[in-house]
Each structure stands twice: as structure tokens, then as C-alpha cells.
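Structure first, commentary second.
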Amino acid sequence: MALGIVHVYGMIGLTSFGYLDKQKSGIIRALKDHPQQIHVFLDDLIAALAAAASARIAHQNQPAACYPGERVEDGPGGAVLGL
């Protein structure tokens, strides 16, 4: 199920999920290492949701396609993006 959530946003989502699943930081680590409860797949689902959310933001953010200071002339209405 976690990979199904991530695949909606392509390689950005998949790469982010792999990173979050490997690092297990923050709430993901707290779920994995809970002393009294076992969360076998819940940490993976939370990582998938976080990866999908960040991938959605990346896909919707036009200036994210370039480095700071780089000029991109393909913005809406000929706008210069990325400055």
C-alpha cells in the first residue's frame, strides 16, 4: 500500500520514500521503536504519506525545477522563474 501511495507522484515520491524509510527519523522512528506497541506497517504508511506530500509540492512548484539564481524563461505568461 505504501508504494502505491508513492507511485502516484513518480520517481520523486519513490526516492523520498526510500530515504525516509531508510533514515526513520522523527515520528517514523517513534512508531518503529515504540516500547509497548508494534507498528509493523504504520511507519511505512506515514513515510509514504510524507513522501507523497513532498513530491506533490515539488511537482507543483515551478521554481523548484532550477537552482537559485538560475533564470528559467518558461514561466506562465513568459514570466522569469527561479530568481
Check: Which of Ile57, Gly26, Val40 sits farthest toward the positive end of the charge dipole of region 1-61, with +1 on the Cβ of Lys and Arg and -1 on the Cβ of Asp and Glu?
Finding: Ile57
Check: Among Phe17, Phe41, which comes first, then next, by fewest other beta-carbon atoms within 10 Å?
Finding: Phe41, Phe17
Notebook entry, point to check: Any idea how far apart Arg29 and Thr15 come out in nm if each label point goes 7 Å out from Cα toward Cβ?
Noted result: 2.4 nm
Check: Can you sort Val8, Val40 by how many other beta carbons sit within 10 Å, fewest first?
Finding: Val40, Val8
Margin query: Semi-axes of the equivalent ellipsoid for region 1-45, please: Cα gyration tensor eigenvalues, times 5, square-rooted, ordered largest first, whole Å.
Written below: 22, 11, 5
Item checked: Karplus 3J(HN,Hα) series, Hz, for region 30-40 with 6.51 cos²θ - 1.76 cosθ + 1.60 (x for Gly, Pro) -> 4, 5, 5, 9, 4, x, 10, 10, 10, 10, 4
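Can you sort Ser25, Ser16 by how many other beta carbons sit within 10 Å, fewest first? Don't skip to the end; give the middle numbers.
On the way: Ser25 11, Ser16 21.
In order of increasing Cβ crowding within 10 Å: Ser25, Ser16.
Throughout, read-outs are computed from the coordinates displayed, never taken from laboratory work. Because the structure is a prediction, the values reported are computed rather than measured. When we count neighbours, we look across all protein chains shown, and the Cβ atoms used for this are built from the backbone with ideal geometry, even at glycine.
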